[in-house]
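Please read the structure below before turning to the comments.
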Amino acid sequence: DRGLLPLRIYMDNLEERSGGGWWARLTSAPTLLWFASPWNKVDPWLDALSLTGLAVSALVMITGTANFFLMLTLWVLYHSIVAVGQIWYSFGWESQLLETGLLVAWGVSLTEFSRLPKTPPSYVTIYGLRWLMFRIMLGAGLIKMRGDMCWRDLTCMHYHYQTQPVPNPIAYFLHQSPPVIHMLEVAGNHVVELLVPWLVFGNRMCQLTSGVVQIAFQVILIVSGNLSFLNWLTIVPSLALFDDRFWARLFSRGTVRRVAKRQILEEKEHPSVQPGLFRDAFNLVLCLGLAFLSLPVMVNLVSSRQSMNLSYDPFRIVNTYGAFGSVTKERHEVVLEGLSSTNNSWLEYEFKCKPGNVERIPCLISPYHYRLDWLMWFAAMQPAQHNPWLFHLCYKLLSNDDAAVELMHYNPFQYADPPRSVRALLYKYEYTAAFNGSRAWYTRSIVQS
């Protein structure tokens, strides 16, 4: 209700542009919050969506069991937040989570709540997840080759560890590697993102190889950066590259026997395990629908003007992905300071994760996501007028607004009068040399006030 980009204003604008029709409103923003009109008291709704999603997620995770209606509920709840999250939920992994979740919903039993349901997972889901994996990795590889020259001359990793959105402590040490190591990292990245995805269409050994390589690659990215839940999520479709013969090694003999019995009955077209005509028809329609929605994605992949992290339908069923099409060569940070009314000095605010105090150890938060810290990284690379929420944040700091200061790690005015003024300074940050005896992780110099 008192957000940096208030939801009431956004919903009012959507309703005005859509003309008020229910289908036009739903396609402009597929969210349950349309029922919360007039949207000036949405905090209880947002709490209800989040807590319900938490409860259903916990049920699925603890029991290891799900059905279509539980997974669809999770999809609807999360979509309801993403659709109105504006720039705070504009990251590509939000659409990726929704697409992955919907594919999984189509692959579990319709109503049965069992760890070993009678009907097997739909092949549309298995191949849909493999197709998703292919698009994620190939899209990321192509956007790099078509984007920044440093990906083609193998120099991007000279900068990436230092300039990525929210570095972690390990990135600090990886940055110190010799240039030849960084060049090998870029070459390895191209192999994983441009060549390995094609193994998805090969035989069993090709698919297993692709799955192992992709999971290992995602683990490396998790270790070397705080890229939210992106890499954790990307591991999920990779699991569809492993067949029953592989997974059987991870389960008890009793479970393997029960699965084998179901597979034998399925081959004999036994009625207790056959999905039925309705399920077959549904899978056919689903397959055709996914193929149709994939057409603009395929066109985008082969286009010289490739876009990344774009949705072509309002429900984010099939999307295009990509990451780090360009790499910044210098790290700039916006630092906010408040003017104390007692001693007339400027005191610095500290964010929860982004670089600020040069002696503060970089955070390690993946798969968690501090969205304000990420947006501050973008704000440092753009003119201030492109980020009106930053003015709103400064305005709220002038009154020690509770909702705003809760987004901070340290508020120098927490137990004092609010600041008389708030200013934003632009600094250039660089890593210090490792093991140099200094407590500082960064050095910084003023660029603009």
Would you work out what percent of the accessible area of the chain, with all protein chains in place, is carbon or sulfur (probe 1.4 Å)? 64
Let me know the whole percent of all Cα-Cα pairs from the range 261-383 that are separated by more than 20 Å. 71
For q = 0.10, 0.13, 0.15, 0.16 Å⁻¹, what log10 I(q)/I(0) does the range 331-448 give under the Debye formula with an equal point scatterer on each alpha carbon and no solvent? -0.31, -0.53, -0.71, -0.81
Would you compute, from DSSP H runs of 4+ residues alone, the mean residue ellipticity of the chain at 222 nm, taking -39500 (n - 2.57) per run and dividing by the full residue count, rounded to the nearest 500? -15500 deg cm²/dmol
Taking r as the C-beta separation of Gln382 and Asp43 and R0 as 35 Å, the FRET efficiency to the nearest 0.05 is 0.75
Where in the range 405-444 are there chymotrypsin sites (Phe, Trp or Tyr not before Pro) that are in a DSSP coil and have at most 16 other Cβ atoms within 10 angstrom of their Cβ? Tyr415, Phe435
Alpha-carbon Debye profile of the range 293-346, log10 I(q)/I(0) at 0.28 Å⁻¹: -1.08
Computed accessible area, Tyr312, all protein chains, 1.4 angstrom probe, square angstrom: 90
Dimensions (Å) - the range 160-210, Cα atoms, principal axes, largest first: 40, 23, 14
Taking only the alpha-carbon atoms of the range 138-187, the convex hull volume per residue, in cubic angstrom, is 80
The range 74-129, convex hull of Cα, quarter of hull surface, nm² -> 4.4
From zero up to wherever the largest Cα-Cα distance of the range 120-328 sits, split into 10 Å bins and tell me the percent of pairs in each. 8, 27, 32, 20, 10, 4, 0
Taking the Cα centroid of the range 318-393 and of the range 121-170, what is the distance between the two, rounded to the nearest whole Å? 23
Considering the Cα positions of the range 167-271, please state its Rg to one decimal place and its Dmax as a whole number of Å. 18.9, 63
In whole percents, the bins of 5 Å from zero upward hold the Cα-Cα pairs of the range 395-449 as 4, 16, 17, 14, 15, 17, 10, 5, 1
Cα-based Rg and Dmax for the range 1-150, where Dmax is the largest Cα-Cα distance (Å): 18.3, 53
Cα gyration tensor of the range 76-201 - equivalent ellipsoid semi-axes, whole Å, descending: 35, 20, 14
Kirkwood-based Rg to Rh ratio, the chain, C-alpha trace: 1.00
Would you calculate the volume per residue, in Å³, of the smallest convex hull containing every Cα atom of the range 377-422? 83
What number comes out for accessible area per residue over the range 1-124 if the probe is 1.4 Å? Units Å², please. 50
Give the cysteines in the chain for which no other Cys Cβ lies under 4.7 Å away, or write none if there are none. Cys206, Cys287, Cys394
Using the heavy atoms of the protein chains and a 1.4 angstrom probe, tell me the accessible area per residue for the range 331-448 in square angstrom. 52
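The values are calculated or read from the model by the stated rules, or taken from the named source; none is laboratory data. Because the structure is predicted, anything quoted here is derived from the model rather than measured. Using ideal geometry, Cβ is built from the backbone for each residue, glycine included, and neighbour counts are taken over all protein chains shown. These accessible areas exclude ligands, DNA and RNA; they are computed on the full protein's heavy atoms, side chains included. Shrake-Rupley method; radii C 1.70, N 1.55, O 1.52, S 1.80 Å.
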